[in-house]
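Remarks on the structure that follows.
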Amino acid sequence: MDISEKIMDIFSNKLTNIFKTNPRESQVQMALDIGNFLFNSNNKFMFIEAPVGTGKSLGVLVPAILYCNKQNKSIIYATATKNLQNQIMKEEQSTLQKCNLLFEGETILAMGMSNYACLQKFYKHKKRFSPLKRDQIEHALRNARSGSRAELEQKYNLSFSDSDWKEVCLSDNHCTFYAECPGHSYRRHFKEKNLLTVTNHAQLIQSWINNKEGKNSIIPITPGVLIIDEAHIFDENFLDRIQDSCEINALIYAKRQLKNNEKIALNKILKSVKNVQQQKYGKSGRHSINSNMQNNFKIVLQGLQNLEHVDLKGSHFSDDHIEFLTNFISKLLSKKYTAWFSIENKVEFKIIPNSFFNELSTFLLDLSKNNKLIFLSGTLTVTDNPIQELKEHWKIEKFEYKRYKSPFNVAKQAYLYVPENISNSRDENNSVSSSFVSQIVKVTSDLLNKVPGGFLLLNNSLELLDSLKNNFKSFFLNRTVYAQGDGRTNEELTVKFKEDTNSLLLGSGSFYSGFSVPGPSLQGVIITTLPFPVPDDPFVRLQEEEFSSKEDNFEIIFQLMLKKLEQGFGRLIRTTSDYGVICITDSRIYTQNYATKIQEWFKKNGFTLYKTTDSLDEFIKKKHYLNSKTEKKHRKTFNVSHIDIPKISEKYVQRKR
């Protein structure tokens, strides 16, 4: 039996028996194509664009495990969200074990440092907990396998607020109780050659950086197979890791050494930052360094350069500090770099070279020396020339690209409703419009009365999210309301939402992707505004300069919006029996100069656009008929004659188990 036959057997027999349904053609074809890439191709890169419902995780893991077992290699599976990591560990791992592809102890979940508890930090801050909870936490930490927050809360019934968790989670690699500390002990296993390591983008990138700097990597970077899922936001995560930064305290520390006019310039910089800090909203993200700040930085830079010729003996201010600040500010002011400041955790100025995308390419090419890389996403491209789009974005010339059709009939499973005459989301003061919020509440109320299942409301701003929280409260129309930022983690909110079949979840950001809730718990997705990126975001501007034509910078912003919008759409339909409504409360779809383009995009992706809910009742009433018809059609669709089955050789070095 060659590899192709094994893959076909796994999907048509083993997985069919597990799931009690016939396999999906797109998933089987994807597995065969990846198997062909791994075993037969000389290419090192493969881009897979597969819509929601393809079954990407199993579609890539089945051939990857077969390949690694034959070649004595391993798999690093990197995602952007914890939700997807948990799905792989809880669902896919169990399924692969039932197929005898994975065995106990061959998989490890390698999350970021802050997800694990540190015994030393707990003892340092234990007085913040009550005596009873203190004893419970100590017992859990002395017996836990990994010390992860999820393990402590789920297995040991503990509950941590985000502020409490910050006082006990790992923050560095130092711990007096290193051997006994569950977090540190568990993370040591990350470096072992596990058959499957599930991790995040950041740890993969940081491991490569550590290796280049002669430091220990967090996870292996030469496993043989690197799978990068949720690849549509990998560049953002690469940006977060390679940027150079300077804390504002480093500038404040230099203040005493500057002359009066230089101190005045520095104070103006600090005031600009403080103005953003004092805003109630709009504090997150990347903030541009405007021309006034640049001029003040030039004055500060001149003062620092003058200090290079001054004897600083007896001062706490070192030559190294001067050199660091001088180099950093010089780059910040250089046209060869893109700069901004952020204030989310601490105030920092940050820079990246304008050659960022070339550096991303260098990183990937370096990894490809000892690995095959597979990129997965439902939204890698949005243009009519995906191969050229991938070449331009990733700066890679040779790769394989496969795109698969959706297994769903969105016209029969999703009712796309975009009401007309919705007011602008912002008022004359650029605050969230109260009339806009009222209209969202009214639209939501009408939909909740027509659709029985749960609803997800996706928002682009925390200000709008808070306004909706204030309107919906904890209960709305006899439905429980869950909201991002209410003290529970996104993972906890996901679990609660899944358990409740008619609740309301208010979210943003990470809920656009990696959030999978099949069945009646999610039958409505309301996207409050088109998810355009912030137009003056320095990284967005860099993308405009890198990829757009001089005639149309807006095209890049529009493409970024479409990718995120498609991710949002993908939350609703997860199986062939799912159905529901997608609503966008944004009238720009009818009024702006891009209206025709976005409506054509809806049509291209199989959606019928409805301006009213007049047909929604009939759509919902037909659900049982549509479900049974869709399921029967789906069972008939798997036909071996529709599958392109490559000949995959079995030359291998047997993996030792």
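Restricting attention to segment 524-534, the residues being closer than 19 Å to Lys496 by Cβ and either modelled with pLDDT under 90 or open to solvent by 10 Å² or more (accessible area, probe 1.4 Å) (or both) number 0. Selection of first residues in segment 589-611 that are basic (Lys, Arg) and of second residues that are at pLDDT 95 or above and open to solvent by less than 70 Å² (accessible area, probe 1.4 Å), restricted to Cβ pairs under 9 Å at least 6 apart or on distinct chains, gives the following pairs, ordered by first then second residue: Lys603/Leu609; Lys611/Tyr417; Lys611/Val418; Lys611/Pro419; Lys611/Tyr590. Is at least one residue of segment 530-550 assigned to a helix (DSSP H, G or I) and within 24 Å of Phe436 (Cα to Cα)? The answer is no; no qualifying residue exists.
Here Val481 fulfils each of the conditions (1) open to solvent by less than 10 Å² (accessible area, probe 1.4 Å); (2) of a type in the set (Val, Ile, Thr); (3) within 16 Å of Ile440 (Cα to Cα) apart from (1).
Condition check for Leu560 on (1) open to solvent by less than 40 Å² (accessible area, probe 1.4 Å); (2) touching a helix residue (DSSP H, G or I) at 6+ places or on another chain (Cβ under 9 Å); (3) of a type outside the set (Lys, Arg); (4) within 24 Å of Thr79 (Cβ to Cβ): one failure, at (1). Given the criteria open to solvent by 50 Å² or more (accessible area, probe 1.4 Å) and in contact with a Gly (Cβ under 8 Å, 6 or more places away or on another chain), does Asn327 qualify? Judged against the criteria, Asn327 is not a match.
For Leu462, the requirement of being crowded, with 20+ Cβ neighbours inside 10 Å, within 30 Å of Lys498 (Cβ to Cβ), touching a strand residue (DSSP E or B) at 6+ places or on another chain (Cβ under 8 Å) and touching a residue at least 24 places away in the same chain (Cβ under 8 Å) is not met. When restricted to residues that are of a type in the set (A, V, I, L, M, F, W, C) and modelled with pLDDT of 90 or more, segment 535-555 contains 3. Identify, please: which residue in segment 230-276 is in contact with a Leu (Cβ under 8 Å, 6 or more places away or on another chain) and closer than 24 Å to Thr79 by Cα and is, among those, surrounded by the fewest Cβ atoms within 10 Å (Cβ to Cβ)? Across segment 230-276, the extreme among qualifying residues is Asp235.
Determine, yes or no, whether Leu170 is of a type in the set (A, V, I, L, M) and within 25 Å of the chain's Cα centre (by Cα). When the stated conditions are applied, Leu170 passes them. Would you pick out the residues in segment 3-22 that are open to solvent by less than 50 Å² (accessible area, probe 1.4 Å) and either touching a strand residue (DSSP E or B) at 6+ places or on another chain (Cβ under 7 Å) or not in a helix (DSSP H, G or I) (or both)? The one that is open to solvent by less than 50 Å² (accessible area, probe 1.4 Å) and either touching a strand residue (DSSP E or B) at 6+ places or on another chain (Cβ under 7 Å) or not in a helix (DSSP H, G or I) (or both): Thr21.
Going by the conditions given, is Gly487 surrounded by fewer than 15 Cβ atoms within 10 Å (Cβ to Cβ), outside any strand (DSSP E or B) and touching a Ser or Thr at 6+ places or on another chain (Cβ under 8 Å)? Against the criterion (surrounded by fewer than 15 Cβ atoms within 10 Å (Cβ to Cβ), outside any strand (DSSP E or B) and touching a Ser or Thr at 6+ places or on another chain (Cβ under 8 Å)), Gly487 qualifies. Can you list the strands (runs of 3 or more DSSP E) found entirely within segment 368-438 that contain at least 1 residues being touching a residue at least 12 places away in the same chain (Cβ under 8 Å) and among the hydrophobic types (A, V, I, L, M, F, W, C)? Passing ranges, in order: 372-377, 414-417. Restricting attention to segment 343-381 and to residues that are among the β-branched types (Val, Ile, Thr) and surrounded by 18 or more Cβ atoms within 10 Å (Cβ to Cβ), the residue that is nearest to Phe47 (Cα to Cα) turns out to be Ile374. Those helices (runs of 4 or more DSSP H) of segment 24-92 in which 1 or more residues are open to solvent by less than 10 Å² (accessible area, probe 1.4 Å) and modelled with pLDDT of 95 or more occupy 25-40, 56-71. Take Asp586 and decide whether it is out of contact with any helix residue (DSSP H, G or I) (no Cβ under 8 Å at 6 or more places or on another chain), in contact (Cβ under 8 Å) with a residue 12 or more places away in the chain, outside any helix (DSSP H, G or I) and crowded, with 20+ Cβ neighbours inside 10 Å. Yes, satisfied.
For segment 492-510, the criterion of being charged (D, E, K, R), open to solvent by less than 60 Å² (accessible area, probe 1.4 Å) and either on the phi > 0 side of the Ramachandran plot or in contact with a Leu (Cβ under 7 Å, 6 or more places away or on another chain) (or both) is satisfied by no residue at all. Is it the case that some residue within segment 137-150 is assigned to a helix (DSSP H, G or I) and under 25 Å from the mean Cα position of the chain (by Cα)? Yes, the conditions are met somewhere in segment 137-150.
Contact map, segment 1-17: residues that are within 17 Å of Asn639 (Cβ to Cβ) paired with residues that are hydroxyl-bearing (Ser, Thr, Tyr), Cβ distance under 8 Å, separation 6+ or inter-chain. Pairs shown: Leu15/Thr95. Being within 29 Å of Tyr401 (Cα to Cα) and either part of a helix (DSSP H, G or I) or open to solvent by 50 Å² or more (accessible area, probe 1.4 Å) (or both) narrows it down to one residue among Ile227, Ile219, Ile299, Ile209; which is it? Among Ile227, Ile219, Ile299, Ile209, only Ile209 is within 29 Å of Tyr401 (Cα to Cα) and either part of a helix (DSSP H, G or I) or open to solvent by 50 Å² or more (accessible area, probe 1.4 Å) (or both). Of the residues making up segment 179-202, those that are open to solvent by 10 Å² or more (accessible area, probe 1.4 Å) and part of a helix (DSSP H, G or I) are Ser185, Tyr186, Arg187, Arg188, His189, Lys191, Ala202. Taking the numbered list (1) buried (at least 18 other Cβ atoms within 10 Å of the Cβ); (2) farther than 19 Å from Gln203 by Cβ; (3) in contact with a Ser or Thr (Cβ under 8 Å, 6 or more places away or on another chain) in turn, Met111 passes all entries but (2).
The values are calculated or read from the model by the stated rules, or taken from the named source; none is laboratory data. Just so you know, these numbers come straight off a predicted model, no measurement behind them. In this analysis, Cβ positions are derived from the backbone assuming ideal geometry, glycine residues included, and neighbour counts consider all displayed protein chains. Accessible surface is based on the protein model in full, side chains and every heavy atom, while ligands, DNA and RNA are left aside. Shrake-Rupley method; radii C 1.70, N 1.55, O 1.52, S 1.80 Å.
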